[in-house]
Amino acid sequence: MKCVFVTVGTTSFDDLIACVSAHDTLQIIKSLGYDRVILQIGRGKVVPEPFRTESFALDIYRYKDSLREDLQKADLVISHAGAGSCLETLEKGKPLVVVINEKLMNNHQLELAKQLHKDGHLFYCTCRVPTCTRRTSPLLLLLLRSAKILQRGQLPSHP
Amino acid sequence: MVSVLVLAAAGAAVVAVLLAVRLWVVLRSQAPVPRQSLSLLVVAGSGGHTTEILRLLESLSNAYSPRHYIIADTDEMSAHKINSFERNRADKDPSTMSPEYYIHRIPRSREVQQSWPSTVLTTLYSMWLSFPLTHRVKPDLVLCNGPGTCVPICISALLLGILGIKKVIIVYVESICRVEHLSLSGKILFHLSDYFIVQWPALKEKYPKSVYLGRIV
């Protein structure tokens, strides 16, 4: 069983949840060999309907005390740019795609995502809803690339 | 009349100079005092600050006790995270008696996207509330990583030193998110903290007086 875990942290990131749970996106995720998607949606207003078929499952929840377990069983993590989520994911050695929330003003967390990308630990992209359902969406391209290229992430504790 | 004004001005100047000297002395004095435990005042805050500071606290021993947390009064999520962190910590180490920690709440000094002039007013207001709190707790060490609330708290802690009530060590750890630029709180507290820690080499280069230990959260 291969699992994608999507996390938005303590606030909300509706664009990301809408994008990942769109039919086309789920098809692509499926075609990459994943058969389970878990969404942590915080206090978001976009609440996709969970479902379970023979070959695929979509689970969803708002908050848990610790994301540790879900990160542990994930084979790919798609996360907002929060430092906590990024660090925790990379510490577990999981491949990570960070999606930047462009609706946040002065988004200083972008600096961290950029640097961690430069150091080869993750991929990042933005999430524009209108382009989301097209196959050319940057997120989807990154998903494709990450599944093929991204080695197990690793974050040195000290330089 | 003129002489009164001159006298008043001279008086004010003397007070200002004395304060400046006192500030300088307080910021200089770093003689280590041996102690069994050290009371900690931790400034938490939404937007990742709480998560990050709790990651930092994970590596501190129980000698850092009691732990006083300060959060903004509207920040339920941080209170929840702190409670769950302390519960976990107590579970892991049953030898400790009930965990000694307290959560204090003060008004936010700056709501996200608040305008600058009103920021000044609300900061003054939270300064008014921070000082009695800091005075009551009289911590040995203040630890913070940049939420707006930490500026009035650190100034209050500094004031305790200036007034000769207690020398409080102020440790500022700039958020891991800050790779090349200091946060606004960081820029202010760079001058007022005893130890200013950055987590990326580019910041160490820009601010040579800061301490760089690699990634510590």
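The values are calculated or read from the model by the stated rules, or taken from the named source; none is laboratory data. Keep in mind the model is a prediction, meaning the values are calculated, not measured. Backbone-built Cβ (ideal geometry, glycine too); neighbour counts: all protein chains shown. The area values use the complete protein model at the heavy-atom level, side chains included, leaving out ligands, DNA and RNA. Shrake-Rupley method; radii C 1.70, N 1.55, O 1.52, S 1.80 Å.
Details
- 5 angstrom amide H check on B:V168, placed H, neighbours 5+ away: B:G161
- Centre separation in Å (Cα based) which lies between the stretch B:117-174 and the stretch A:39-80: 39 Å
- Over 31 Å [Cα-Cα, chain B], rounded percent: 23 percent
- When each of the peptides B:5-11, B:151-157, B:188-194 is scored by how many other beta carbons lie within 10 Å of its residues on average, the order from highest to lowest is B:151-157, B:188-194, B:5-11.
- Protein heavy-atom accessible area occluded, A/B pair - total, 1.4 Å probe, Å²: 1800 Å²
- Pairs from the table (A:K114/B:K204; A:K92/B:K209; A:K94/B:K81; A:K92/B:K92) lying more than 27 angstrom apart at Cα are A:K92/B:K209.
- What the Cα convex hull of the protein assembly as shown gives, in volume per residue, is 167 Å³.
- Amide H contacts of B:I70: B:V42, B:V43, B:A44, B:H104, each under 5 Å away and 5 or more positions distant or on a separate chain (H built 1.01 Å from N in the peptide plane; Pro and chain starts excluded).
- In the elastic network of chain B, a GNM with C-alpha springs shorter than 10 Å, the most mobile of B:K166, B:K187, B:K92 is B:K92.
- When Rg and the Kirkwood Rh are both derived from Cα coordinates, the Rg/Rh ratio for the stretch B:1-63 amounts to 1.31.
- Each Cα pair under 8 Å and six or more residues apart adds its sequence gap; the mean of these over the residue count of the stretch B:33-212 is a relative contact order of 20 percent.
- The stretch A:1-76: C-alpha gyration tensor shape, a/c 1.5 cut-off, then a/b vs b/c: oblate
- Debye equation applied to the C-alpha atoms of the stretch A:42-126, log10 I(q)/I(0) at 0.13, 0.18, 0.21, 0.26 Å⁻¹: -0.49, -0.89, -1.12, -1.35
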